[in-house]
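The block underneath contains the structure these notes are about, expressed in structure tokens.
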Amino acid sequence: MQSLLEEESMRHFAENEIIKGTVIMVDRDAAYVDVGYKQEIPVPNKELAYPAPDNASDAVSVGDEINVYIVYIGGENGMVLSKRRADEMAAWNDARKLYEDKASVEIKITKLIKGGLLVAFSGLRGFLPASQIELHFIRDLASYVGQQMQTRIIEIDSKKQRLIFSHRILLEEERAEKQIELLASLQEGEVRKGRIKRVVDYGAFVDLGGIDGLVHISDLSWDHVKHPSDIVNAGDEVEVLVKSFDPETKRISLSIKDTVSDPWFAKVEKYTVGSYVVGKVVKLTDFGAFMQLEEGIDGLIRMRELSEKHIVKADEVVKIGDEVKVKIIHIDKENKKIALSITRVKQDTDAAEFDQYQEQQAENAQSSTVADAVEKE
């Protein structure tokens with residue numbers, strides 16, 4: 001009779017099906033569930049949720065009505081149940097819909113593994129590849145463990161238990177929206193604030209708030225720049241002038257130096273045509289030599305102004321580093337050019353010496369005339 005009663009009670013249950021049950025007791029290591037069987041079935045912590053809770057009460061409470069999956073019928077307790085498996089099956093269905101809707105979902109990062117991070121989502125275990133975490137490369141992934149993160153499901157296969165997430169795709173979409181807004185409001189000639197994102201040999205990339213623009217090395221400073229890192233570093237906040245931009249290619253040309261007045265014009269005011277200055281030769285070319293009058297102010301001494309003699313190369317007269325006296329013969333403010341001359345310094349000196357000689361000769365002649373007149377008297 002007892003065997004027949006047990007058999008009757010088992011007819012309502014089948015392996016691999018999901019049934020409802022009520023939690024009637026909870027201790028540290030398990031929750032006891034009434035599913036209408038002859039006894040309450042213990043569900044251990046590892047079968048209550050993923051990740052497994054330290055205490056069963058962290059997952060369920062007395063009186064909760066839950067779905068459980070029948071893993072096996074028989075054994076010491078009559079059957080083996082799993083809330084985790086039931087939740088997984090429901091979660092896979094929910095995840096599939098979220099995947100199809102391209103919805104944003106929150107995950108919890110649980111562990112660092114090779115190539116990325118293990119994550120938990122609605123009782124499911126998933127994977128967040130390192131390449132799908134941020135827009136840029138991340139060296140230390142360990143700092144993400146334990147964090148919550150908004151992501152999107154980019155691959156799902158319940159049969160293979162494959163669930164892959166991406167945080168990067170949300171960042172890319174956010175960046176694309178910002179780019180559209182920014183390009184719509186951008187105007188040539190306006191000044192904007194930005195942050196130096198990356199420094200390269202030929203300039204620096206500036207993040208304008210969703211899209212990057214390039215400041216060429218020639219637009220970093222009014223002074224000569226050997227390398228962009230001498231002027232700016234990644235993370236610096238800067239003001240930039242929008243020189244030009246192409247909405248189709250999203251290329252933006254920026255300038256830092258054009259946000260301030262060119263100091264050349266203030267410095268050149270102290271120099272006048274016809275005056276003499278001493279400077280240092282800084283560069284030799286086929287057509288002459290460049291001389292630095294002061295930091296940021298250079299002038300050109302053309303070949304014919306280097307020497308009165310015919311010369312083929314500038315180094316026949318001067319060498320880099322030589323300090324020489326020159327005469328300013330022309331200042332072109334419009335093109336920021338200053339013409340200098342060594343020969344005219346010599347010519348002026350010779351002319352002055354000749355004038356002085358003539359004056360001396362005239363004075364001597366006058367003195368002789370006066371002496372002759374006195375002698376005759």
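The values are calculated or read from the model by the stated rules, or taken from the named source; none is laboratory data. Computed from a predicted structure; not experimentally measured. Every residue, glycine as well, gets a Cβ built from its backbone with ideal geometry; the counts of neighbours run over all protein chains shown. Heads up: the accessible areas ignore ligands, DNA and RNA and are worked out on the full protein's heavy atoms, side chains in. Shrake-Rupley method; radii C 1.70, N 1.55, O 1.52, S 1.80 Å.
Assorted remarks:
- If you filter the stretch 163-182 down to residues that are open to solvent by 40 Å² or more (accessible area, probe 1.4 Å) and modelled with pLDDT of 95 or more, you find that the one that is nearest to the chain's Cα centre (by Cα) is Arg168.
- Residue pairs whose Cβ atoms lie under 8 Å apart, separated by 6 or more positions or on different chains, with the first residue in the stretch 165-176 and touching a residue at least 60 places away in the same chain (Cβ under 8 Å) and the second open to solvent by 30 Å² or more (accessible area, probe 1.4 Å) and of a type in the set (Val, Ile, Thr), are Phe165/Ile154.
- Counting residues in the stretch 312-327 that are over 19 Å from Lys267 (Cα atoms), among the charged types (D, E, K, R), part of a loop (DSSP other than H, G, I, E, B) and open to solvent by 100 Å² or more (accessible area, probe 1.4 Å) gives one or more.
- Identity of the residue in the stretch 54-67, in a loop (DSSP other than H, G, I, E, B) and over 14 Å from Ser122 (Cα atoms), that ends up least open to solvent (accessible area, probe 1.4 Å): Val60
- Ala86, sole failed condition from (1) open to solvent by 20 Å² or more (accessible area, probe 1.4 Å); (2) small (Gly, Ala, Ser); (3) in contact (Cβ under 8 Å) with a residue 40 or more places away in the chain: (1)
- Conditions (1) in contact with a Phe, Trp or Tyr (Cβ under 6 Å, 6 or more places away or on another chain); (2) more than 28 Å from Val199 (Cα to Cα): number failed by Asp262: (2)
- Residue match in the stretch 116-126 (condition: assigned to a strand (DSSP E or B) and open to solvent by 40 Å² or more (accessible area, probe 1.4 Å)): yes
- On inspection, Ile109 qualifies as open to solvent by less than 40 Å² (accessible area, probe 1.4 Å), in contact with a helix residue (DSSP H, G or I) (Cβ under 8 Å, 6 or more places away or on another chain), farther than 24 Å from Gly210 by Cα and part of a strand (DSSP E or B).
- Residue match in the stretch 207-226 (condition: in contact with an Asp or Glu (Cβ under 8 Å, 6 or more places away or on another chain), in a loop (DSSP other than H, G, I, E, B) and open to solvent by 50 Å² or more (accessible area, probe 1.4 Å)): yes
- The lone exception for Glu172 - which of (1) under 30 Å from Lys108 (Cα atoms); (2) out of contact with any strand residue (DSSP E or B) (no Cβ under 8 Å at 6 or more places or on another chain); (3) part of a loop (DSSP other than H, G, I, E, B) it fails: (3)
- For Glu188: the one exception among (1) surrounded by fewer than 14 Cβ atoms within 10 Å (Cβ to Cβ); (2) within 30 Å of Lys283 (Cα to Cα): (2)
- Test: Pro42 is open to solvent by less than 50 Å² (accessible area, probe 1.4 Å), at pLDDT below 95 and out of contact with any Pro (no Cβ under 9 Å at 6 or more places or on another chain): no
- Note on the stretch 246-277: residues that are more than 21 Å from Asp298 (Cβ to Cβ), open to solvent by less than 50 Å² (accessible area, probe 1.4 Å) and more than 18 Å from the chain's Cα centre (by Cα) total 1.
- Cβ separations smaller than 8 Å between residues 6+ apart or across chains give the following pairs from the stretch 125-149 residues that are under 28 Å from Met89 (Cα atoms) to residues that are open to solvent by less than 60 Å² (accessible area, probe 1.4 Å) and of a type in the set (Phe, Trp, Tyr): Gly126/Phe165; Phe127/Phe165; Leu128/Phe165; Gln132/Phe165; Ile133/Tyr144.
- Taking the criterion of being hydrophobic (A, V, I, L, M, F, W, C) and closer than 11 Å to Val33 by Cβ, the residues of the stretch 57-85 that qualify are Val60, Val62, Ile66, Val68, Met79, Leu81.
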